[in-house]
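Okay, structure first, notes after.
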Amino acid sequence: MDCNSYETRFGTREIQTMSQRSNDNQLHGITSILVNKILIRERYLNKLRKEPNADFFTINTLLDSIRLVSIDVVVAIIAWRKKKKQGDSSNVIQPGCNLSFFWKGFNYLLKISSDLDFLNSNVRFVHWLGFSLIHNPFAISLSMENDPVTTGEIG
């Protein structure tokens, strides 16, 4: 899958359709898309929290949904950051500064990194899955804790 179709699949098309609007309207539209995606993700997480010992098929299906909407959220946060920086005519935002999107008082990208940690207490599921869910926001076989890039082993 090429980058363009990937980005279109995960909300960039919605974001691109706002290109004729004023920057404030564009930012508002992107923020609305982002909040909607976060709400969807939080619903899946809440459902998973209510059923931490459900059958493996149910847990895995919810993890797949969370993984996909998490990617949507990350893509939307990137678009939100770009639009926020474009609209900063006062140069308050320093070059190279990453903007954080806060949700209920927390930087949402940081929150994502540990949202699935609670599933690690389901030992049977983790054994079946074959890898840890600690700091593993996308539920993939290589977590952030074991990744050579994030641990500093690779520059």
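A short reminder: the numbers here are calculations on the coordinates, not readings from a lab. Since this is a predicted model, take the numbers as computed values, not measurements. Cβ atoms come from the backbone with ideal geometry, glycine included; neighbour counts cover every protein chain shown.
Enumerate the lysines that LYS83 could reach by cross-link, defined here as Cα to Cα under 19 Å, with residues fewer than 8 away along the same chain left out.
Straight-line reach from LYS83, under 19 Å: LYS37.
If you take every residue apart from THR58 with its C-beta less than 10 Å away from the C-beta of THR58, what net charge results, scoring Lys and Arg +1 and Asp and Glu -1? Could the numbers behind the result be given before it?
Values: positive: LYS47; negative: GLU51, ASP55.
Net local charge, THR58 excluded: -1.
Going by how many other Cβ atoms sit within 10 Å of their own, how do HIS127, HIS135 line up, fewest first? Intermediate values should be presented prior to the final figure.
On the way: HIS127 9, HIS135 17.
Least crowded to most crowded, the residues run HIS127, HIS135.
Stretched out fully, how many nm does the piece from THR58 to SER32 gain, at 0.36 nm a residue minus the Cα gap? Working shown, then result.
On the way: separation 26, 0.36 × 26 = 9.36 nm, distance 2.95 nm.
The THR58-SER32 span can extend by a further 6.4 nm.
Roughly what would the spin-label model give for LEU39 and PHE131, points 7 Å off Cα along C-beta, in nm?
Once both label points are built, they end up 3.2 nm from each other.
Which cross-chain or sequence-distant (5 or more) residues have an amide H under 5 Å from the amide H of ALA54, H modelled 1.01 Å from N in plane?
Under 5 Å from the amide H of ALA54 lies no amide H from a residue far enough along the sequence or on another chain.
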